[in-house]
Structures are given as structure tokens and as C-alpha cells.
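Below: the structure, in C-alpha cells.
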Amino acid sequence: MRAGTDRRTPIRTLLAGAADGAPVRVTGWVKTSRFSKNVSFVHLFDGSTPQTVQVILDVDQAEAFKTRLGIGAAVAITGTWKASPGGHQAFEVAAGAIEIVGDCDPSDYPIQRKATSLEHLRTLAHLRPRTNTFQSVFRVRNAASWHIHRFFQERGFMWVHTPIITASDAEGAGEMFEIVAGDPPFFGKRTFLTVSGQLAVENFAQAFTDVYTFGPTFRAENSHTPRHAAEFWMIEPEIAFANLDDVIALAEAFVKEVTLATIADCEGDFDFFDQRIEPGVKAAVIGAVEQPFHRVTWHEAQKILVGVQRDWEYPVGPGTSLQSEHERFLAEEYFKGPVFVTNYPADQKAFYMRLDDALTDGVATVSATDLLVPRIGEIIGGSQREERLDVLDDRIRAHGLEPEGYWWYRDLRRYGTTPHGGFGLGLERLLLWMTGMKNIRDVLPYPRTPGNAEF
RNA sequence: GCCUGCAUAGCUCAGUUGGUUAGAGCAACGGACUGUUAAUCCGUGUGUCCCUGGUUCGAGUCCAGGUGCGGGCGCCA
């Protein structure tokens with residue numbers, strides 16, 4: 001019986017430099033295998049790296065196990081780490097003992113040793129993590145999540161676990177899923193799944209100064225696009241004693257550092273995206289974050305759009321709103337990189353965004369910003385918050401809401417309030433941008449979209 | 001929610017103006033061969049042509065409805 005410490009050596013660790021001749025125990029799943037008269041090869045993956053490890057079988061081992069070492073089989077192999085005569089790897093495992101831990105019949109295993117469409121793999125959400133693409137996607141998702149926390153923690157931000165269940169039924173960010181448990185209602189009032197932790201986290205910013213949330217968020221919108229999901233993960237920092245410029249500076253530093261650190265951690269995965277998913281994406285993303293992000297006011301952006309000779313599907317200019325086609329033009333063609341659009345008309349934005357002191361071209365604006373990136377469009381929405389109670393009340397009423405319903409949010413404006421702000425960033429949209437993946441359903445482990453919650 | 005496209009073998013697809021036994025590549029399986037690398041070569045099998053109804057001598061093909069999936073737009077992250 002093996003000792004607990006001998007459970008396995010991750011393939012990533014082996015490839016990073018195990019000693020020649022060292023005894024190893026490698027566990028994983030068969031990626032491919034080739035059998036011939038003299039020597040046979042089995043390639044294993046275990047999720048620790050995009051690379052496989054090659055295992056060498058002698059004639060007797062091949063004869064004994066060849067029918068059980070097809071794609072998908074779970075195996076544990078003890079053997080020796082030794083230099084490889086083959087051209088594609090420096091070292092390999094010479095098999096000693098071979099254990100078939102879990103058989104897998106290739107004739108009806110849904111994952112094939114060939115290219116398979118992402119659409120088809122969505123119907124195999126339980127098995128697609130074993131494919132190259134999803135191995136890379138979810139390693140990158142993990143690395144990005146880690147660097148998101150690291151970015152904030154290194155700067156003294158406190159992670160606040162804002163509630164999933166909320167009674168704020170008008171957070172202004174979309175349709176909500178209602179919780180129907182209990183009759184009378186379990187919580188004594190109507191409750192919903194959160195669409196944003198922002199209102200809740202603002203309170204903590206007025207106590208801990210720099211805070212953030214990072215967790216699942218829910219929208220009951222009937223959206224059918226590659227960029228929308230009913231359940232997604234959002235990062236929402238909130239900072240006190242801060243204005244819109246501080247929020248933008250934070251957002252820019254955040255996107256840049258998280259992106260570069262994630263790519264540095266997952267070089268092999270990004271090489272895969274670059275070669276198989278979106279040619280050129282790696283250099284384009286790195287290039288984008290090595291320069292200052294552009295910045296333009298909403299009114300300036302409209303002037304740019306009006307000056308372009310183009311048949312817009314939607315109108316541009318004063319009184320219009322930025323549509324997807326306009327956002328993509330600004331990020332992809334005009335600025336050719338990430339761009340912050342600021343100071344949107346007040347009637348286009350949520351009630352909690354701070355009203356600017358002066359009108360622009362006769363239009364009331366708010367200290368809000370969206371970060372637009374090529375291919376994706378908006379990945380960040382943020383603002384300075386309205387800290388003046390009388391203005392906030394006017395804005396709440398202007399949105400057809402009742403100030404009384406926001407009594408605790410309003411309280412913050414009465415007791416030692418500060419100028420403050422923050423932003424929300426969709427994790428999946430950041431991942432789409434970094435990796436070149438095209439559909440949000442392919443960067444969520446088990447995507448929830450209208451009509452789809454099978455897994 | 002609006003608009004639009006698609007549905008044929010395990011997967012990706014072709015299938016002509018409606019015509020008789022519906023095809024290819026890959027995968028799988030069998031064999032040969034090879035320190036192989038998405039190996040290569042030879043061979044083998046594979047179908048509720050999404051469902052229901054209609055038109056027709058005859059429907060994978062045309063029509064209607066339904067179902068499923070994708071894409072564009074809106075909402076937003």
C-alpha cells in the first residue's frame with residue numbers, strides 16, 4: 001500500500017525538472033496512445049499543464065494493456081523519469097507498474113481524438129473539461145481569479161462577502177430572479193438573487209475605505225447573445241475619498257496587471273489560444289495593456305461618430321445612445337485599444353451615479369465610465385457615486401423609485417459620507433477578451449442562459 | 001423581447017431543376033508498420049435525413065406548424 005505522500009507527481013512538476021532516473025508516480029487520463037511491435041506510447045494529461053507526459057510501454061506491457069489504454073481511460077503509472085530519444089520532449093516516463101483506475105470505452109466515449117465544435121461540447125459540459133480548449137480556459141479562469149484577489153489584497157483592499165440574497169428589488173441593473181421559498185415569505189418580505197453587490201459594498205467602503213466584492217451575480221434578462229449569461233461572476237471594487245479619476249486609474253491598473261500576470265502564469269494556454277482560437281490574440285492583448293488606455297467623454301465620442309462617413313444602423317449625435325456598433329468602432333477602429341468613455345447623459349444611467357456640476361452642451365451628465373475593448377465592447381461599468389442626499393433623492397424619484405425603499409443607502413449620506421466610487425467588471429468578459437474565446441458559454445464551467453441549466 | 005440562419009453517420013459536412021441501392025473526411029474497430037508526436041498505410045461497419053402534418057406517381061430536397069441549436073440587435077457586466 002502506497003503512502004499518502006506518494007499519491008502522485010503533477011505532470012507540471014515533472015516537466016519543470018524532475019531528476020533523471022527518479023522514481024515517479026503519474027496519474028491522469030489518456031490523451032492519445034500508439035502501439036507497435038517494439039515500443040508503445042501513451043500520452044497522459046492531468047490538468048496541471050497544457051502539456052502531456054509521454055509514457056513508454058515495453059512489448060509485454062503493451063500487449064497486456066493496449067485494449068484498456070484508449071482515449072479517456074484514467075490510469076496511474078509508476079515508473080522512472082528518464083531522458084527521451086524522441087524529438088518532442090526531453091524526458092518521459094518508462095512505465096513500471098500500470099494501473100487502470102477507470103476504464104473508458106473509446107467506441108462510445110463522446111470525446112473524440114479530433115476537432116469538435118464548441119457548440120457540440122456545450123452539450124457535454126460534464127466531459128468538455130477534458131479537452132484542450134477547456135483545459136486552457138479553466139486554468140486561465142483560475143489564474144485570473146487568483147490574480148484578481150492578489151491585486152486587491154496587495155493594495156490593502158478588503159474582500160467583502162456581500163449577500164447573494166437581497167431585498168433590494170431595484171438595484172437598477174436588470175431583471176431579478178425572485179426567491180419563492182416559504183408562505184408567508186421566508187424572509188418576511190420579497191427577496192431576490194443579487195444583480196450587484198454594489199449598494200451593499202458601498203457601506204463597507206464607508207468603513208474600510210478600499211473594499212471589493214467578487215462573486216456570482218444573477219440577471220433574469222432574456223438575453224441571447226455570446227456576451228450575456230444569467231449567472232456570472234463580477235468584481236466590484238469600491239473606494240472612499242475618491243472621484244471618477246481615481247476609479248478610472250484603479251480600473252486601468254487592475255485590467256493591466258491582472259491580464260499580464262495571468263498570461264505570465266499560463267503561457268502555454270495562451271499559446272494555444274493564439275494558435276487555435278484567435279490568431280494574434282496574445283500579442284494584441286499584451287500590446288493593449290502595455291499602453292495607456294484611451295479616454296473620451298460621451299459628448300466627444302458622439303462628435304467622433306458624427307464625423308465618420310458611415311451608414312450607422314443606429315443614429316449618432318446628441319440625444320442618441322452608444323450602441324454596440326458604435327462601441328466597437330471606438331475601441332476597434334478609432335482608438336484601436338481599450339477606451340474609457342466618461343460623463344454619460346444622466347438620463348441614460350443609474351440613479352446612484354454622481355451628477356456632474358456643469359452641463360455639457362446643455363445636457364446633464366454623470367461621473368460614470370464604461371471601459372470598451374475590441375471584440376467584446378463593454379467589460380467595465382463604473383462611476384463616482386452620488387454622495388449628496390438631496391441630489392440622490394431627486395435622482396431616485398426621477399427614476400420613478402421611492403427614496404424610502406433605500407433608507408439604509410440614504411443613511412450613509414447622512415453620517416460621515418465621503419466622495420466615493422467603484423466599478424463592476426464581468427469576469428467572463430475579461431476572459432473572452434484575454435483568450436479570444438467568442439462565447440460566454442465557453443468560459444463558464446456550467447453556463448446558465450435562458451432555457452439552459454442541464455448541468 | 002425583435003430579426004435571422006441551421007438541423008443528414010459518433011463528429012464536421014456534401015447531397016444538383018423533387019427520381020430508384022444517401023456520400024466524403026475524421027473518429028471507432030481489425031491488421032501492418034514506425035522512438036512515435038493530430039504518426040502513416042491497408043481494410044471494416046455505421047443512418048427514425050429533428051418531429052408532426054401537407055403537396056406529389058415519388059420528398060433528405062417543396063409547403064405549414066412545432067422542437068432544438070447558432071448568429072445579429074436590445075438590455076447590461
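Any read-out appearing in this document is the output of simple, stated calculations on the displayed coordinates, not a laboratory observation. Owing to the predicted nature of the structure, the values given are computational and were not obtained by experimental measurement. Don't worry about glycine lacking a Cβ; one is built from the backbone with ideal geometry, like all the others, and counts go over all protein chains shown.
What the table shows:
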{"read-out": "Farthest positive-ward along chain A dipole, Cα basis, beta-carbon charges - from A:Ala73, A:Ala200, A:Ala95", "value": "A:Ala95"}
{"read-out": "Subset of A:Lys66/A:Lys114; A:Lys256/A:Lys438; A:Lys66/A:Lys438 violating a 30 Å alpha-carbon distance limit", "value": "A:Lys66/A:Lys438"}
{"read-out": "For chain A, share of DSSP beta bridges that run antiparallel, in % to the nearest 5", "value": "90 percent"}
{"read-out": "Two-site FRET efficiency, A:Ala74 against A:Asn38, from Cβ-Cβ distance with R₀ of 30 Å, rounded to 0.05", "value": "0.65"}
{"read-out": "CD proxy at 222 nm, helix term only [per DSSP H run n ≥ 4: -39500 (n - 2.57); per residue of chain A; nearest 500]", "value": "-8000 deg cm²/dmol"}
{"read-out": "Farthest toward positive dipole pole in chain A [+1 Lys/Arg, -1 Asp/Glu at C-beta], among A:Leu392, A:Gly422, A:Val137", "value": "A:Val137"}
{"read-out": "Cβ-Cβ FRET estimate between A:Phe186 and A:Thr67, R0 fixed at 51 Å, reported to 0.05", "value": "0.40"}
{"read-out": "Spacing of the two label points (7 Å from each Cα toward its C-beta) at A:Arg397 and A:Ile100, in nm", "value": "7.7 nm"}
{"read-out": "Stretch gain in nm, segment A:Gln348-A:Leu124, where the contour uses 0.36 nm per residue and the Cα spacing is subtracted", "value": "76.6 nm"}
{"read-out": "Whole-number Å³ per residue for the convex hull built on Cα positions in segment A:4-109", "value": "103 Å³"}
{"read-out": "Sequence-separation-based contact order of segment A:87-232, relative, with Cα cut under 8 Å and 6+ spacing, percent", "value": "19 percent"}
{"read-out": "On Cα atoms only, tilt of A:389-398 relative to the major axis of chain A in degrees", "value": "80 degrees"}
{"read-out": "Total formal charge among the other residues, if their Cβ is under 12 angstrom from that of A:Val308, Lys/Arg +1 and Asp/Glu -1", "value": "-1"}
{"read-out": "C-alpha long axis of helix A:132-154 to longest principal axis of chain A, angle in °", "value": "50 degrees"}
{"read-out": "Paramagnetic reach from A:Asp20 in segment A:50-70 [backbone N under 19 Å; point 7 Å along Cα→Cβ]", "value": "A:54-56"}
{"read-out": "16 Å reach of a label modelled at A:Ala207, 7 Å along Cα-to-Cβ, counting backbone N of segment A:375-419", "value": "A:408-418"}
{"read-out": "Counted charge near A:Glu154, where neighbours are those whose Cβ lies closer than 13 Å (Asp, Glu -1; Lys, Arg +1)", "value": "0"}
{"read-out": "Cα convex hull of chain A - mean projected area over all directions, nm²", "value": "27.4 nm²"}
{"read-out": "Exposure proxy order (Cβ contacts within 10 Å, fewest to most) of A:His161, A:His326", "value": "A:His161, A:His326"}
{"read-out": "Computed label-point distance, nm, for sites A:Ile165 and A:Ala220 using a 7 Å Cα→Cβ extension", "value": "1.6 nm"}
{"read-out": "Positive-end residue of A:Ile277, A:Gln309, A:Gly319, charge dipole of segment A:128-442 with Cβ unit charges", "value": "A:Ile277"}
{"read-out": "Footprinting exposure proxy for A:Lys303, A:Lys349, A:Lys256 (fewest neighbouring C-beta atoms within 10 Å first)", "value": "A:Lys303, A:Lys256, A:Lys349"}
{"read-out": "Cβ charges +1 (Lys, Arg) and -1 (Asp, Glu), total dipole of segment A:326-455, debye", "value": "380 debye"}
{"read-out": "Dipole magnitude of chain A about its Cα centre (Cβ charges: Lys, Arg +1; Asp, Glu -1), debye to nearest 20", "value": "1580 debye"}
{"read-out": "Added length on full extension, which subtracts the Cα-Cα distance from 0.36 nm per residue, A:Ile286 to A:Thr418", "value": "43.9 nm"}
{"read-out": "Computed over chain A: relative contact order in percent, which uses C-alpha pairs under 8 Å that are six or more apart", "value": "13 percent"}
{"read-out": "Against the rule of thumb 2.2 N^0.38 Å, how large the Cα Rg of segment A:343-395 comes out", "value": "1.22"}
{"read-out": "Rough spin-label spacing in nm, given labels placed 7 Å along Cα→Cβ, for A:Glu175 and A:Asp245", "value": "4.2 nm"}
{"read-out": "Environment charge at A:Tyr446 (Cβ cut-off 11 Å; Lys +1, Arg +1, Asp -1, Glu -1)", "value": "+2"}
{"read-out": "Segment A:4-109 - charge dipole about Cα centre, Lys and Arg +1 at Cβ, Asp and Glu -1, debye rounded to 20", "value": "240 debye"}
{"read-out": "Size descriptor, Kirkwood hydrodynamic radius, that averages inverse alpha-carbon separations across segment A:244-294, Å", "value": "11.8 Å"}
{"read-out": "Ranked by how many other beta carbons lie within 10 Å on average, peptides A:231-240, A:93-102 from highest", "value": "A:231-240, A:93-102"}
